[in-house]
Amino acid sequence: MLHATRRLLSEPLHPLERRAALELLSLRGSAADAEALLPVLLAEPAANADLIDPVVRLGDAAMVRLLHDRFVDGERLVEGADPALLWAFGWAGLEDVRPMLFRYACEQNWDTAPAAVDGLVHLTPDGMESQVRAAVEACVGRNLFPEYLPALAGWIGDTELLDRFLVEDGRTMTPSTDCMAGVILGVGLLGPVGRSRLHDLFWASEYPVIWLDQPDAAVAAMRMTGLGIGALAGELRARAASTEGELPHWWFVIVEAMARRVIATRSLAPAWRFLPDAESPLQLHAALFGPNDLIAEDLGHLAFHRGGRNGEWLASQIHDLRAPIEDLIRRDALVAELDGYSGSTTTAVP
């Protein structure tokens, strides 16, 4: 059992300390930690909803079944139950909850619907394809609908259905609706097949459906399709090389904004078990500042000289990413070093 778990069980922690302990648990804990925390979660769920994540990640299906039996009644969450439980049931592979998760996914609820989708995609869609297709088709062309529901088109591998959410006007591909998180996640769930679609969404126009409105969905889709920051930065450099004069500022904003979000979420445990590894901090550094860290390779340098009136601001924004990337590099090195000492990341080095 980690020392962080013992602290959670024995003493009140400042919210920031508690958050750090929980992050460590999710990334480096064991089944023993889950076993110790499960009774606390079952006894006082309202005060300990943040224990759901580490208990589920570190525990087994039997533990999650106990959570299901405690917090589900009549195929609905009991009043006050945390929506994250819907994700937990899918993560643990409880196939019998598919109908309940699908019903929640079809509801226009900002809390339960995303959690239900995140849980459902861990389960098999066998036998549900027609239900999913009918529900997602009902969203096409509408301005408002359960925003995360279209992700299930990717779950069943229906590329044609996902493409109906995008309108081709002969010049650019633009979103047909404001509710795009589910569409982007659906593109991601297609895997490598979705890469060209995600690429077109990024570079269609300066409309910020990806890099401003839905950055978290875009980060997940990038990892699933293999379209990383390295690829975005590489395309920007290629476009710059084939374009004379001032470059559109939003080309740089796409790369900078998505890199910023990737950095911010790099250390978070993923919501999907099957999400491929994120780009390493060193890869992120090379993408933004070049493989040799030379000024001529730096995207900030390019922005300063080719970004027109926005050049100085763009260069500053890109430069500001150096420190958090270097922090990630140091963090990874420290964790790797501590992992080498008899398996414990919380005790003093012998």
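The values are calculated or read from the model by the stated rules, or taken from the named source; none is laboratory data. Keep in mind it's a predicted model, so treat the numbers as computed, not measured. With ideal geometry, Cβ positions are generated from the backbone for all residues, glycine too; neighbour counts draw on all protein chains shown. Keep in mind that these areas ignore ligands, DNA and RNA; they rest on the heavy atoms of the full protein, side chains included. Shrake-Rupley method; radii C 1.70, N 1.55, O 1.52, S 1.80 Å.
If you build the Cα gyration tensor of the chain and take the root of 5 times each eigenvalue, what three semi-axes come out, in whole angstrom, biggest first?
Listed largest to smallest, the semi-axes of the chain are 36, 30, 15 Å.
What are the ³J(HN,Hα) values, in whole Hz, obtained from phi via the Karplus relation 6.51 cos²θ - 1.76 cosθ + 1.60 with θ = phi - 60°, for each residue of the stretch 145-153 in sequence order, with x given for Gly and Pro?
Ordered by residue, 3J(HN,Hα) equals 6, x, 4, 8, 4, x, 4, 6, 5 Hz.
What are the ³J(HN,Hα) couplings of the stretch 246-252, residue after residue, when phi is run through the Karplus curve with 6.51, -1.76, 1.60 and θ = phi - 60°? Round to Hz, x for glycine and proline.
For the stretch 246-252, the Karplus-derived couplings read 5, 9, x, 5, 5, 4, 6 Hz, x marking Gly and Pro.
Using the Karplus curve 6.51 cos²θ - 1.76 cosθ + 1.60 with θ = phi - 60°, what ³J(HN,Hα) values do you get for each residue of the stretch 126-131, in whole Hz, with x for Gly and Pro?
These are the phi-based 3J(HN,Hα) values: 3, x, 10, 4, 5, 4 Hz.
Near the amide H of L166, under 5 Å away, which other amide H atoms are found, from residues 5 or more places off or on another chain, if H is placed in the peptide plane?
Under 5 Å from the amide H of L166: no residue qualifies.
Over the chain, average the accessible area per residue using a 1.4 Å probe and give it in Å², no decimals.
For the chain, the per-residue accessible area is 47 Å².
Find the relative contact order for the chain and round it to a whole percent, using C-alpha pairs within less than 8 Å whose residues are 6+ positions apart.
Answer for the chain is 10 percent.
For the stretch 1-157, which semi-axes, largest first and in whole Å, follow from the square roots of 5 times the eigenvalues of its Cα gyration tensor?
For the stretch 1-157, the ellipsoid semi-axes come out as 32, 15, 14 Å.
For the pair R6/R142, report the inter-label distance in nm, with labels modelled 7 Å from Cα in the Cβ direction.
5.4
If each of D111 and W313 carries a label point 7 Å out from its Cα toward its Cβ, how far apart are those two points in nm?
Between D111 and W313, the simple spin-label model gives 3.7 nm.
By accessible area of protein heavy atoms, probe 1.4 Å, what ranking do M258, M1 get, highest first?
M1, M258
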